[in-house]
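Structure first, then comments.
Nothing in this text is a laboratory measurement; each read-out follows from the coordinates by a stated rule. Every value quoted in this text rests on a predicted model; they were computed, and no experiment measured them. Cβ sites come from the backbone with ideal geometry, for glycine too, and all protein chains shown count toward neighbours.
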Amino acid sequence: MAEKDSTFEAATRTVGSAGDLSSREHPSLALAHAIVPVRANGGFVLDLGPASGANISFFAERGCKLFIADLNSSLFGSTDSANRAEALELALVRDIPATETFDLILLWDLLDYLDDREIRILASRLQAVCHAATLLYGMVSIRKEIPDRPSRFEICDVRSIRYSPGSPLRRPAPLHKEPELVKLMPDFEVESTYLLRHGKQEYLFRRRRAA
């Protein structure tokens, strides 16, 4: 198991593409560990962000079956925040196959954009599609401000991810701490966590083992 609270000292690199000048490539310590359950013989992956050709290719090359449940579009488009919990419950039932169990679930930065009730709803639904070795990969901001909407993430390789902000506007970050997340997600425990220099803390969660 990876050492907890590792700090990565690599620099951030700006991607100067014509299509998205705000896109930045950042290092990741958790991703290489997150894909362990699917690396050997393929597996089932659930991506809770928007569809990405880069991510589809990344997992297809590893023989994985990728399911996409784009909660960004479902929750942060025209949905009023007062009705977001209901929209979340609907999207989770509609978009996540109830008969599947997944080896890896990609939360990306979703936890920074849900309130306490919504995190509980999400965690409750996800535990039903996890087995004992399933890993949840997510990240939270350790800086005071975040983009107004969730970012888009594209995997470059096992050690780097490209971030594209979902909005030029900024909002206060909830600054989640590990004890708070564990309380809000009682069916999961923290497998490992990594503090990155560009203002993110990566988490790997695993379904809580029976006492």
Please verify whether the stretch 132-145 includes one or more residues that are among the small types (Gly, Ala, Ser), assigned to a loop (DSSP other than H, G, I, E, B) and touching a residue at least 40 places away in the same chain (Cβ under 8 Å). no
Would you pick out the residues in the stretch 63-78 that are buried (at least 16 other Cβ atoms within 10 Å of the Cβ) and out of contact with any strand residue (DSSP E or B) (no Cβ under 6 Å at 6 or more places or on another chain)? 69, 71, 72, 74, 75, 76
Of all residues in the stretch 86-120, how many are surrounded by fewer than 18 Cβ atoms within 10 Å (Cβ to Cβ) and not in a loop (DSSP other than H, G, I, E, B)? 9
Which residues, taken from the stretch 177-189, are closer than 19 Å to residue 125 by Cβ and not charged (D, E, K, R)? 181, 182, 184, 185, 186, 188
Scanning the stretch 73-93 residue by residue, those within 19 Å of the chain's Cα centre (by Cα) and under 16 Å from residue 126 (Cβ atoms) turn out to be 74, 75, 85, 88, 89, 91, 92, 93
Do we have any residue at all in the stretch 147-166 that's touching a strand residue (DSSP E or B) at 6+ places or on another chain (Cβ under 6 Å), farther than 23 Å from residue 54 by Cα and either surrounded by 16 or more Cβ atoms within 10 Å (Cβ to Cβ) or free of Cβ contacts under 8 Å to residues at least 40 places away in the same chain (or both)? yes
I need the strands (runs of 3 or more DSSP E) fully contained in the stretch 167-211, keeping only those with at least 2 residues that are crowded, with 18+ Cβ neighbours inside 10 Å and of a type in the set (Ser, Thr, Tyr). 188-196
